[in-house]
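Nothing in this text is a laboratory measurement; each read-out follows from the coordinates by a stated rule. On a predicted model such as this, the values are computed, not experimentally measured, just so you know. Using ideal geometry, Cβ is built from the backbone for each residue, glycine included, and neighbour counts are taken over all protein chains shown.
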Amino acid sequence: MVERSVPWPTGTPNWVDLAADDAAAAAEFYGALFGWTCEHQTARDYWLCKLDGRDVGGIGRKQPGTEHLPSRWTTYLATDHLDRTLATVKAHDGAQVMEPRDIDPYGRMAIAADPNGAIFGLWQAADHIGTERELDPGRLVWSEALSGDFETARAFYTAVFGYRAEEVGGHETRYAALYAADRPVAGTGEFHPDFPAGTPPHWLPYFAANSTDQTIDQVISAGGEIVGKPLETDFGRMAVLADPQGARFAVIQLG
């Protein structure tokens, strides 16, 4: 596959990283789980994770002021003008969680939240456009905003990013695929039926796996847990998991 050299269309998930209490332990866990090579960047105190030499995500400590929040994966959405997108977020009842900052020479980032409280990142690419969207095991293949208020989430994300939302029927919960540049790039929906009461709204990243069941066993043996029992979907067998520090993610064995 030819490496992409231009930024992703607005609204496309183009990066994912983990904010953890113990970033080194998290890097070791995901390295073993997905075969990632996680390199510590001392200047930023950030672990850059690669698969077959290509960037797949990052792992770092929780930012000052967010130490009280659970460990979590953050999905970053592409924007060609970060400040303008942040203004639109606020105009539609979202919130700025972290002020914009330049990550020279890679790009510009900020952290925001939708009206339901689901946290997501914004990335305006410079030298680093983000991760390739490939289907190999260990790579980010999907990301979705989950909450108990489907209508509010759908209205917010379509207004901010210009998505076309296409509702998907035949499920226990309401769900819509979000299209950018005529391609489904992300989703938004109601909580998985197995999620415990009190689950906060969040963005859930999906990583491809060789075997969903084997990945579940590996996560549990390493001190993590299963949050949502395995489901057979039109795209493959998936499950929602939590790592040993409680950060949630999903895996899917693509059909």
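Exposure proxy ranking for PHE29, PHE191, based on other Cβ atoms within 10 angstrom of each Cβ and starting from the fewest, stands as PHE191, PHE29. Note on region 1-66: Kirkwood hydrodynamic radius from all Cα pairs is 13.0 Å, rounded to one decimal.
Exposure proxy ranking for ARG44, ARG72, based on other Cβ atoms within 10 angstrom of each Cβ and starting from the fewest, stands as ARG44, ARG72. Dividing the mean sequence gap of close Cα pairs (under 8 Å, 6+ apart) by how many residues region 68-132 holds gives a relative contact order of 34 percent.
Springs join every pair of Cα atoms under 10 Å in this Gaussian network model of the chain, and among GLY65, GLY107, GLY148 the largest mean-square fluctuation is at GLY65.
Between region 36-98 and region 204-255, what's the alpha-carbon centroid distance in Å? Region 36-98 and region 204-255 have Cα centres spaced 22 Å from each other. Computed over region 189-255, the convex hull of the alpha-carbon atoms projects to a mean area of 4.5 nm². Using only Cα atoms, figure out Rg for region 139-215 and give it as a multiple of 2.2 N^0.38 Å. This ratio for region 139-215 stands at 1.15.
Rounded, prolate or oblate: which one fits region 143-183, using the alpha carbon gyration tensor with axes a ≥ b ≥ c (rounded when a/c is under 1.5, else prolate when a/b beats b/c, else oblate)? Here region 143-183 falls in the oblate category. Apply 1/(1 + (r/R0)^6) to the Cβ-Cβ distance of HIS68 and ASP182, taking R0 = 51 Å, and write down the FRET efficiency to the nearest 0.05. It comes out at approximately 0.80. Residues whose amide H comes within less than 5 Å of that of PHE120, counting only those at least five positions distant or on another chain, are ALA112, ALA113, ASP114 (H built at 1.01 Å from N in the peptide plane). Helical runs assigned H by DSSP (4 residues or longer) give the chain a calculated mean residue ellipticity at 222 nm of -5000 deg cm²/dmol, each run adding -39500 (n - 2.57) before division by the residue total. The modelled label-to-label distance for the pair ALA25/ARG44, using points 7 Å beyond Cα in the direction of Cβ, is 2.4 nm. Candidate cross-link partners of LYS229 among the lysines, defined by an alpha-carbon separation under 21 Å and a same-chain spacing of 8 or more, are absent. The value of relative contact order for the chain, using C-alpha pairs under 8 Å at least six residues apart, is 18 percent.
Comparing HIS68, HIS92, HIS192 in a Gaussian network model of the chain, where Cα atoms under 10 Å apart are tied by springs, the biggest mean-square fluctuation is seen for HIS68.
Set the Förster radius R0 to 41 Å, insert the Cβ-Cβ distance between HIS128 and ASP234 as r into 1/(1 + (r/R0)^6), and round the FRET efficiency to 0.05. Plugging the Cβ-Cβ distance into 1/(1 + (r/R0)^6) gives 0.80. With Rh defined as the Kirkwood radius, the inverse of the mean 1/r over Cα pairs, the Rg/Rh of the chain is 0.93. Run the dipole for the chain about the Cα centre, Lys and Arg Cβ at +1, Asp and Glu Cβ at -1, nothing else charged, and hand back the magnitude in debye, nearest 20. It works out to roughly 320 debye.
Just to be sure I understand the curve: with the Debye formula and one point per C-alpha of region 13-125, what is log10 I(q)/I(0) at q = 0.12, 0.19, 0.23 Å⁻¹? Results for region 13-125 at q = 0.12, 0.19, 0.23 Å⁻¹ read -0.43, -1.04, -1.37. Note: relative contact order over region 1-85, using C-alpha pairs below 8 Å and six or more positions apart, is 41 percent.
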